1. Within region 375-398, work out how many residues are loosely packed, with under 15 Cβ neighbours inside 10 Å and more than 34 Å from the chain's Cα centre (by Cα).
2. Considering only region 249-263, I want to know if a residue exists there that is within 30 Å of LEU28 (Cα to Cα), modelled with pLDDT of 80 or more and charged (D, E, K, R).
3. Taking GLY423, is it touching a helix residue (DSSP H, G or I) at 6+ places or on another chain (Cβ under 8 Å), crowded, with 16+ Cβ neighbours inside 10 Å and modelled with pLDDT under 80?
4. Given the conditions (1) exposed (fewer than 13 other Cβ atoms within 10 Å of the Cβ); (2) part of a helix (DSSP H, G or I); (3) touching a helix residue (DSSP H, G or I) at 6+ places or on another chain (Cβ under 9 Å), which single one is not true for ALA243?
5. For region 169-182: of the residues being surrounded by fewer than 22 Cβ atoms within 10 Å (Cβ to Cβ) and under 58 Å from the mean Cα position of the chain (by Cα), which is modelled with the lowest pLDDT?
6. Among the residues of region 130-161, what is the count of those that are modelled with pLDDT under 75 and crowded, with 18+ Cβ neighbours inside 10 Å?
7. Identify the residue in region 367-395 that is of a type in the set (Gly, Ala, Ser) and out of contact with any helix residue (DSSP H, G or I) (no Cβ under 6 Å at 6 or more places or on another chain) and, among all such residues, is modelled with the lowest pLDDT.
8. If you check THR346 against the conditions, is it at pLDDT below 85 and over 45 Å from the mean Cα position of the chain (by Cα)?
Amino acid sequence: MNLLGRISSIWVRIFSSLFSRLLSVIVLAVGGSFFLATTIWIQYIESGKEADALASVQDLAVSMAQTVMYFESLPKEFQHIIVDQQRNLGGSRFFLSVNKEFVNYETVRDNPLKRQLIDAYHRAFRDRVGQRVGIIDVDFAYPDKLRVFNTGVLFSELPSRWVQNNLVMNPPAPVLVAQMRMEDGDWLYLASLMLPDPYVVEGVAPYTPEQLAFTMILLVLLMVSSWFIVRWLTRPLRTLSRAAMSLGRDIHQVSVPEVGTYEVRETARAFNIMQRRILTFINDRDLLFSAISHDLKTPITRLRLRAELLDDEEVREKLNKDLNELEQLVQGALELAQSTDLNEPTGLVQLQPMLEAIQEEVAVLRRQVHLTVRSPAVLYAKPMALKRCLSNLIHNAVFYGTEAWVEVQETEEAVTIIILDDGPGVPEQELEHIFDPFVRLEGSRSRHTGGTGLGMTIARNIVHSHGGDIHLRNRMGAGLEVRIFLPRE
């Protein structure tokens, strides 16, 4: 079952792309049409050969009928003289002999065409001589196994001058053999090669080795040319797909070339317009947050100055506390906006040194992080942003627990980072809201307070900006498991 599952997975992966499906359709359609046309053409050629064979057999039957009537008109003592003259002088289409008894021989393997030719021979012969002739035996045999006399002499052992006009081919072609019992009891023996294609007696094969080789060569050329054509047609789509995958990581990437077919050009143009609109929206948002930050800092500063002029110390402390919280909220909102727009360039990042640096930072706070990195764990990412993401998650783990365990798993497609803690965990109903901005689950993880509740939101935004995903779940014993999936491409 596991093997079937792997085969199914490989099959789905191969035929999930437009390139493979389009190539398959072209190869199957054109290749199937080619095979169908070739088969029809071969059948047409073979049907013509069959018609020629029938005509040749009927002509041989008429010739034999004339020979029989001629021999019957001769006295018996002259028959052997005529046979000897025919062998020595040549010029006849068939080998002729007169035997005392019927000559047994090994026939060609039976097939429908062979039976059809024999029946046609019988009909043509009977039409010529009528029913006055007695027994007549007609069949096909190979000359190297054909016996021509009662003494057992093979056709291939006869003198060359006797059979030079019978066109015995190499490899030996089937020979038509007819034996007829004459009125005096002797057997008239005739053997001849059918023209123009004596090999048709062996039966019609769907494809000869030469035809099959020629067809396979053409099919290979068709597949290679189709591969190049489909690749050329789908290349702009692959470029557009890569650009769409990279857009979430780098909004400032170069615009997609508007090339290819009309539909692809229109799609690329729409993609570029979308990218420009998103850039405009981000710039407008940055300007908005900068303006809000600037406009809020001024009244907050004025309120701080006025609070210092208050005589009531208790009221002054409460007012300063509210102003600090307000300032933290403004600063957190700015950080959240910046976390969704990472202008940092992408580079090759080694996770082990980065995690070791975070481990040292946590050690200063007298907390312990256990690292398990079994491979180099290298991927392309934005170093500062990724470190900020992992630092937020690991600091959360050691603050809400006593220790943290970090494990890195690597495959060809992605890198997975697992962060575990031994804290109280998160209520199941709150797991889906933990990434919401300004959410702090102090009721379940209340060892420490402070912060604006944006750390998890910022971490998720950074992971998503790298094309990855992040999942949380409570462990069976105690604590929380954070699993980060980062694709290599």
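The values are calculated or read from the model by the stated rules, or taken from the named source; none is laboratory data. Fair warning: this is a prediction, and the values are worked out from it, not measured in the lab. Counting neighbours? That spans all protein chains shown, and the Cβs are built from the backbone with ideal geometry, glycine included.
1. Looking only at that region, the number is 1.
2. No, the conditions are met nowhere in region 249-263.
3. Numbers: touching a helix residue (DSSP H, G or I) at 6+ places or on another chain (Cβ under 8 Å): yes; crowded, with 16+ Cβ neighbours inside 10 Å: yes; modelled with pLDDT under 80: no.
Judged against the criteria, GLY423 is not a match.
4. The failed condition is (1).
5. First, pick out the residues of region 169-182 that are surrounded by fewer than 22 Cβ atoms within 10 Å (Cβ to Cβ): 169-173, 179, 181-182.
Still in the running and under 58 Å from the mean Cα position of the chain (by Cα): 169-173.
Working: MET169: 52, ASN170: 57, PRO171: 61, PRO172: 73, ALA173: 77.
Ranking the qualifying residues of region 169-182, first place goes to MET169.
6. Looking only at that region, the number is 3.
7. As a first pass, look at region 367-395 and keep what is of a type in the set (Gly, Ala, Ser): 375, 377, 381, 385, 391.
Narrowing the set further to residues that are out of contact with any helix residue (DSSP H, G or I) (no Cβ under 6 Å at 6 or more places or on another chain) leaves 375, 381.
Details: SER375: 79, ALA381: 86.
That would be SER375.
8. On the way: at pLDDT below 85: yes; over 45 Å from the mean Cα position of the chain (by Cα): no.
Spelling it out, it is not the case that THR346 is at pLDDT below 85 and over 45 Å from the mean Cα position of the chain (by Cα).
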